[in-house]
Structures are given as structure tokens and as C-alpha cells.
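See below for the structure under consideration.
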Amino acid sequence: MKVQVSNSNAPVWRDVTVKSKLPAELSCLEELAKNLWWVWNSEATELFSEIDPIIWKQTGGNPVLLLEMISYERMEEIVKDREIMKKVDKVCGDFKDYINEEPDKKRASIAYFSMEYGLANCLKIYSGGLGVLAGDYLKEASDSNVRLTAVGFLYRYGYFTQTLSIDGNQEANYEAQNFNHLPLEQVMDENGRAILLEVPFHDRIVYSNIWKVNVGRIQLYLMDTDIEQNSEYDRSITYQLYGGDWENRMKQEYMLGIGGITLLDKLGIKKDIYHCNEGHAALINVQRLTDYIQNDGLSFEQALEVVRSSSLYTVHTPVPAGHDSFDESLFGKYMGQYPGRLGISWQDLMNMGRENPDSHEKFSMSVFACNTCQEVNGVSWLHGKVSQKMFQPIWKGYSADELHVSYVTNGVHLPTWAASEWKEFYGKIFGKDYVRNQDNQKMWDAIYDVEDEQIWDIRRGLKNKLVNYIRSEIRDKMSQKQENPAKILQTIDKVNPNALLIGFARRFATYKRAHLLFTDLDRLAKIVNNPNYPVQFIFAGKAHPADGGGQELIRRIVEISRRPEFQGKIIFVENYDMQVAKRLVSGVDVWMNTPTRPLEASGTSGEKAEMNGVLNFSVLDGWWYEGYIEGAGWALTDKRTYQDQGHQDQLDAETIYSIFENQIIPLYFAKNSKGYSPEWIQYVKHSIAKIAPRFTMKRMLNDYYDRFYNKESVRSASLKANSFEKAKDLAAWKENVASKWNDIDVVNVEIPEGLQLNPHVGEDYKIKVSIDRKDLPNCIGVEFVVSDMKEGKVDMFDVKEMNIIKTEDSMTYFELDYTLKHAGMFKYSFRMYPKNPELPHRQDFAYVRWF
């Protein structure tokens, strides 16, 4: 027998995570690292950086990983360093004082649901503006000390990391997150065992771990299905943000809605208001309806009154095509068991997600949200108007302008997005409590008393930081692509801190129109190559992997940036994320945005720039429609000249070049002997004083309370009181009206002959209507409606409610004294509708009859 030289099987490796142990004097840092308060506290982030600057940079600013990686010798050095320990004690003391403040119990409590949250760069559970807005909202909820709990997903791969090939092709890289190295913790039971969430799907249970992110004083709970109890088919639910096919999207939205409410129930968390941040979370109301029916013995109609009264839906999308809708067969696969639980038919459930009931439309999450939430809002004044038009088909008896759909303009979290230099400056001139008082607009007027040179020094310092960062990025990225060293140095040398820096960074969707600047390359070359007035443009942004048009825009910009006349003057910064965004919004001079109007629902990057003394140049769309003030920025008109989008783009491009050449560039370079333009600084002062305070997250949170949360919490409590007495009464009243609505007779309509044949402005006319309500109580209203036909569309020109003159038995008599105030061609009609003081608005029970 021949003996083999070697005989070994493969190693059986087992995972073990060895935790570092901090000295007792530094133990508070562990708690601090796992609370995202450090993200917006400059002293805390500076402390972590000082502990080990190299490791801090290597970890991408992740304090949990930092504390795992630093050596024990370094820890002992820190303990012996009196200066660092003073900072440790100061930061930890401030943190404990902040956390221990009692929550404001006078304000309604909120459950908040979103597919993504942009909280910190190391926690990759966001893709763009929607997530960053949600993250800012949680931070401000913490600062304002409201009782808010949020729900979302912990994605294994998050959103992609962007790299660009040498010719500008975007490459999407999905990198797995190690949850043990992130600022979060797994939720355990009282025995220290991990709590496992069980979410019933149609044919199986899907299991999820629950993770908690401490965001200052509030908690964000994240579901994670990438666990061994699930099949590969279900583990992928939380792999990627906005990844996979339509079935995976259906599973994600089922998990966010049904699973999200199940999670809160398991943890014993009840809130006054349930807020859907976009339609992705709409199915929370299916589970809430089910719970009220099964646990409280309510009928579907009664449960709907309770659920609707405590629900808010915020829409961020300005076009119908951007809303998630599911084929009936796919929706039925996952939701087919719910009609039985709700006590309704399958057709009833489908109709709640259709603009046109009993049609063959897909099930729209947005329509369902509108039908199950008392309040609906867009994210800017203009987007509110767009949303009214978009959702008008749901409530066909009313024009868009009459809808209850409202708005709250987005804002940004000041302590997160203002650079530390600005925060220190604001503390000196506005007072140490400026963060608490940031919604006091008069406070911001103190900026006018500051010496111009102080503001210029801050702006110049931040600009130099950005230029150094860009030079470093150019060196690293060009070296990784093995480019010619001489070309790398040439490009770096051309990045000029004395140039006027223009920033354009956002998601690369075609409607953002990044291409406008490149319409006339000869003219652009003259702008960026003027030796007396140097100008440079900095671009950044990701295109969705499925968006070929957006990726082509990136490729085109990179291609142009490599041409000799644009080298180092048109710059594309790779992998746009929260860290890159913070550098850009604080370091450039002008923030540029050129969307196709009115497709920018709000936009918040320009608001972040405002907090840093950066001036905006944008289309009057989204937030800038409200924000623009002459002498504090620049604007492209909101008026459309051409119906053809290509012609409109050409006109807008011409206007952009002209404003740069004739206004922005001359203003910036009108420098005095101290090296800055006093006129430019006046623009900056106006911008900070008059625009910045109107677009903070504190103002936004206050608006949600003032416009929605407060009134909903009062009404919801009223409906639930005394074993849901009012909810039951209102549901019964609606059922009675609905069953007898078609029996109502319009007995008589009297229109004065003069109004019909020869009406004149200034004349008065008495109009009479008689209604036989049959068996209904006196709960009917009648309106005289005048419309103006514009471009073939009916515009509600004038609406007057008719007065009840008398009632006799089942008859109600209405009269209206109507004065003609306008000349022209009009149409008129009568609109009958049900009335009840318990209704929050007319669309809550949108029965209408025209006659």
C-alpha cells in the first residue's frame, strides 16, 4: 500500500466576532458610537477623528468600526492624554444631557414608515433625496423631542457604489454590509435572545430580525430577512434598495406595510398618527384595518373611519407613471387572503386601489393611500398643486383646486448640513441656542451686522477644503484607472481655488437636464477659459442601473471633461453620497439645478447649500418656486414658452449662458482690494437671512404638526372615545346615505329668465332648488357651480353654497341670491352632496350628484 503524501479535507470555518474592550474611562464612547447623535454634533465627530485620524478615514467615518480597530495601546494613550479626556468628558456629558431630556407629551406621537433613510454615510440604507429627507426628519424629531418611532429595512447590500470607467461608463457595485460593524443593535427580549419577527405571507411565514438605530432620542426599527430561517427567495427581500423585479417590489412593500405594523405590535408600540412617506408603505393600513376588525370587533366601515382619521400620506412623485402599481394577479397572490379578514369582497379591495372602480386598472399603492388616509400632501406648494391634478380622478365630483390635498415644503436638518465652521459662526452671532430658535426668522437678521470679511473668510476656507478634496479624488481615481501621470498632474493643477465654482449634484435622471450646460460647447469653453474670470463646474450623481438615459448623460459629461479645453474645469466626482454632498453644498459658490418644470417635486440639495452661504441658480420649480428672492440668487422662469421640449431646452440653455455671462460671473469678480466682491457678500447675507430659515427641517416638522398631526390626533381620539362611538355613528350615517343616495329627487329648479337669456354684469338673480330627500334626514347640501372652459378643460370659476330656506317633511328648499361679477362665456350647473359636521373634508365621503 502506497501512503499518500497528503490527506486533508477542507477547513470547516466558524464565525466568531471578537469585540474590543474599552477602558472604563472610555466606556461612554461605545454608547455614543451607537447613537447617531454624533452625526450632527461636530464636537463628537471631531473627537472620533482625533482618536485615530487614519482609521477614522479608513472606516469612512464609522465610530463603531473605529473603536473595533484601534489598538489597546492607543486606548491607553488616550486615557493618559488630559486634553483628549477633557473632550471625551465634555462630549459624553453633552450627549447624556441631551438624551435625558423628557419628551414633549403635548404633541401627538407618530409612527413613520419609509423605504429608505439617509442618516449617516456608513449606514447604507438610502439612495437619494427621499431617504435623506426621511433621515433629516428623524434627526429633527429628536431635536424637537417629539415622540416618533420609525420603521424601515436594513439592506444587506444597500444602494450601489458608483465607479466610472475611463470613458465614463457607470459601473454599479453592490457591497455587502457587515451589520456588526454598523451603529445599530439587534433587538433582544428580556432574556437576551434575539426577537424574531414572524410576518404571515399567503403561503408561508417570512421571518425577520429586528434592528434598532438610535437617532438621538428616537428609535428607527429595521427589518432584515437575510437570515437562515428564510428561503433564498425570501432572504433577498432586504438585499437591495429598489432592486429586483416587480414581484420582489411587491414583497418589499408587503413587508414594509404588513410587516411594519406587525413589528410595532410585537414591540408594544402604539402611536397617535401613522405617516406613510411615499406610497411604498400604504399597506400599513390593510394591517391596521385587520387589527381593528379582529381585536376590537369593528366592522370594515367602522375600522376604516378610525384608520383613516389617524393616517397621513406624503407623496413625493409629480407624475402618475412614478407611482407603484401592481397587476391584479400579482397583487392577488400576496393579498388574496385579506378580503376575508376585512369582511369585504376581492373587488372591493381592488377598487380601493383604482382611480376607476370596477375597471381593469392595476392596484395603485398611491390611490389606496389616498383612500385610506384622511390627509394627503405634496412636498412643496407647487407640487401640492401638481398632486391635486394628479389625484383629481379619485374624487371625480370635485375639481383639482377643491381637493383636500395640501402640501408641506421639504426642509433640511440644519445641524447636519451646515458645515462646522458655519455652526460655530451661527452660535456666535445668533446665540448658543440658535438650533432651538432656528424657526425664529428675526434671529437670522443678525447676519446683516456681521463684517463682510468674516463671511468671505468662511466661504474661502470651505472652498479650499473642497478644492483639496477634489484634487485628492482626481489623483486617486485617475491613478486607479492607470492614466498617464503627467495628465493627472495637469488636471490637478487646473483645479483653481480662485475660480467661481458651480456645483451640480443629484440623481442623474433625464428630467434633471444636466445636458443643458453642454448645448453650446464653444460658448461654454469661452466661459471656463477666461483667464481673468475663471469658472469651473463640478458634477456628481448616480443614475439608476436601469436608466440608460441617465447613464448616457454621465458618460457624455465625462467625455467632455476629458477634452483639452475642459480638462480640470469640468469635473465629475464619482460615487455621490452623503459625505460628497456635504463637501459640495458647503464648498461651491453657486448651486445649480435645471429640472424640467414642474417635475421637481421639491429638491433639497439647494436648501442644504443655503445653510452654507452658497447661492442658488435654479428653475422656478419645487422649493425654489417659493424660496427665490431677487438679490439672493438667480432663477429661470417657471413660464413655458414652447410646447416642444427640445425648443424649450434650447431657450433655457441660452438663458443659462446669458445669466452666467452677464450677472453671476461679473458679480462674483467685482472684487475689492481685500480680494472679494462686496456685492456678492450682500447676496450671501440676503440668502442666509431671508431664505435659509424658511427651509429648515424644524420649520417642516412644525408644519406637519400645525397642518396635519394636531387636527388628526384630536379627531382620531374623538372617534375612538367611548368604545369607538363616533366612528360607529359616522359609519352608520355614511351607510344610510349611500343606500338612499340614488332615491333623492330633484323636484324643481328655478333659473330666472334674465340669467338664461340676457345676463349682465352687476345684476342680481334669485335661484331656487327643491329637493325631496325621501327617507334621509336633513343632511344634503346644494351648490351653484359656474365653470370657465379653458383649453377644453372645465375650470371651477365660482362655487356658491345655496341656503336652506325651509324644510317640510322630506322636502328641503334652497335659495341663492347670485350677483354676476364677470363677463364672458361660462357654463353653470348644480352639485348636490352629503353634509355632516363630523367629516374632516368633502373628499372623505365624496358622493356627488350633478343636475
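The values are calculated or read from the model by the stated rules, or taken from the named source; none is laboratory data. Quantities reported herein were computed from a predicted structural model and do not represent experimental measurements. Every residue, glycine among them, receives a Cβ derived from its backbone with ideal geometry; neighbour counts consider all protein chains shown. Note: areas computed on protein heavy atoms with side chains; ligands, DNA, RNA excluded. Shrake-Rupley method; radii C 1.70, N 1.55, O 1.52, S 1.80 Å.
What about R556, is it surrounded by 18 or more Cβ atoms within 10 Å (Cβ to Cβ) and outside any loop (DSSP other than H, G, I, E, B)? It is false that R556 is surrounded by 18 or more Cβ atoms within 10 Å (Cβ to Cβ) and outside any loop (DSSP other than H, G, I, E, B). When we screen L489, L500 for residues that are of a type outside the set (F, W, Y) and within 26 Å of D457 (Cβ to Cβ), the only hit is L500. When L123, L133, L138, L119 are screened for being buried (at least 24 other Cβ atoms within 10 Å of the Cβ) and more than 16 Å from the chain's Cα centre (by Cα), only L123 passes. The set of residues in region 650-709 being acidic (D, E) and either outside any helix (DSSP H, G or I) or at pLDDT 95 or above (or both) consists of E661, E679, D703, D706. So Y98 clears everything in (1) open to solvent by 60 Å² or more (accessible area, probe 1.4 Å); (2) hydroxyl-bearing (S, T, Y); (3) modelled with pLDDT of 95 or more except one condition, right? Which one? Tallying (1) open to solvent by 60 Å² or more (accessible area, probe 1.4 Å); (2) hydroxyl-bearing (S, T, Y); (3) modelled with pLDDT of 95 or more, Y98 fails exactly one: (1). If we scan region 42-53, do we find a residue that is in contact with a His (Cβ under 6 Å, 6 or more places away or on another chain) and in contact (Cβ under 8 Å) with a residue 60 or more places away in the chain? Within region 42-53 (the criterion being in contact with a His (Cβ under 6 Å, 6 or more places away or on another chain) and in contact (Cβ under 8 Å) with a residue 60 or more places away in the chain), the answer is no, since none of the residues qualifies. Quickly run through region 750-771 and pick out the residues that are open to solvent by 60 Å² or more (accessible area, probe 1.4 Å) and over 14 Å from V786 (Cβ atoms). Within region 750-771, E750, E753, L757, N758, H760, E763, D764, K766, K768 meet the criteria.
Residues that are part of a helix (DSSP H, G or I) and open to solvent by less than 70 Å² (accessible area, probe 1.4 Å) were ranked within region 495-513; the one that is nearest to G322 (Cα to Cα) is Y511. For the condition buried (at least 24 other Cβ atoms within 10 Å of the Cβ), part of a helix (DSSP H, G or I) and among the β-branched types (V, I, T), I293 does not qualify.
Cβ separations smaller than 6 Å between residues 6+ apart or across chains give the following pairs from region 701-717 residues that are more than 18 Å from E838 (Cβ to Cβ) to residues that are part of a helix (DSSP H, G or I) and of a type outside the set (S, T, Y): L701/E140.
Considering V580, V585, the condition of being open to solvent by less than 10 Å² (accessible area, probe 1.4 Å), out of contact with any helix residue (DSSP H, G or I) (no Cβ under 8 Å at 6 or more places or on another chain) and either part of a helix (DSSP H, G or I) or at pLDDT 95 or above (or both) is satisfied by V580 alone. Whenever a residue of region 422-444 is more than 24 Å from R460 (Cα to Cα), its partners that are open to solvent by 80 Å² or more (accessible area, probe 1.4 Å), lying with C-beta atoms within less than 9 angstrom and at least six residues away or across chains, give the pairs Q441/K690. When region 629-645 is limited to residues that are outside any strand (DSSP E or B) and in contact with a Phe, Trp or Tyr (Cβ under 8 Å, 6 or more places away or on another chain), the one that is modelled with the lowest pLDDT turns out to be D638.
Condition check ((1) closer than 22 Å to N180 by Cα; (2) outside any helix (DSSP H, G or I); (3) aromatic (F, W, Y); (4) open to solvent by 10 Å² or more (accessible area, probe 1.4 Å)) across all residues:
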{"site": "L197", "(1), (2), (3), (4)": "yes, yes, no, no"}
{"site": "L222", "(1), (2), (3), (4)": "yes, yes, no, no"}
{"site": "Q229", "(1), (2), (3), (4)": "yes, yes, no, yes"}
{"site": "R235", "(1), (2), (3), (4)": "yes, no, no, yes"}
{"site": "Y242", "(1), (2), (3), (4)": "no, yes, yes, yes"}
{"site": "M255", "(1), (2), (3), (4)": "no, no, no, no"}
{"site": "T262", "(1), (2), (3), (4)": "no, no, no, yes"}
{"site": "K270", "(1), (2), (3), (4)": "no, yes, no, yes"}
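Checked against (1) under 28 Å from T604 (Cβ atoms); (2) among the polar types (S, T, N, Q); (3) assigned to a helix (DSSP H, G or I), T491 passes all but condition (1).
When the residues of region 821-839 are narrowed to those that are charged (D, E, K, R) and assigned to a loop (DSSP other than H, G, I, E, B), which ends up most open to solvent (accessible area, probe 1.4 Å)? Explain how you work it out, then say what you get.
First pass over region 821-839, keeping only residues charged (D, E, K, R): 821, 827, 831, 835, 838.
Those left that are additionally assigned to a loop (DSSP other than H, G, I, E, B): 821, 835, 838.
On the way: K821: 148, K835: 86, E838: 71 Å².
Ranking the candidates gives K821 first.
What do you reckon, is V714 under 37 Å from the mean Cα position of the chain (by Cα) and open to solvent by 40 Å² or more (accessible area, probe 1.4 Å)? Considered against the rule, which asks whether it is under 37 Å from the mean Cα position of the chain (by Cα) and open to solvent by 40 Å² or more (accessible area, probe 1.4 Å), V714 comes out as yes. Taking region 466-494 as the range and being open to solvent by 50 Å² or more (accessible area, probe 1.4 Å) and in contact with a Lys or Arg (Cβ under 7 Å, 6 or more places away or on another chain) as the test, only K494 passes. Checked across region 524-537, the condition of being within 20 Å of P595 (Cβ to Cβ), modelled with pLDDT under 95 and either open to solvent by less than 10 Å² (accessible area, probe 1.4 Å) or assigned to a helix (DSSP H, G or I) (or both) holds for no residue.
A single entry from Q438, Q454 fulfils the requirement of being open to solvent by less than 60 Å² (accessible area, probe 1.4 Å) and outside any strand (DSSP E or B): Q438.
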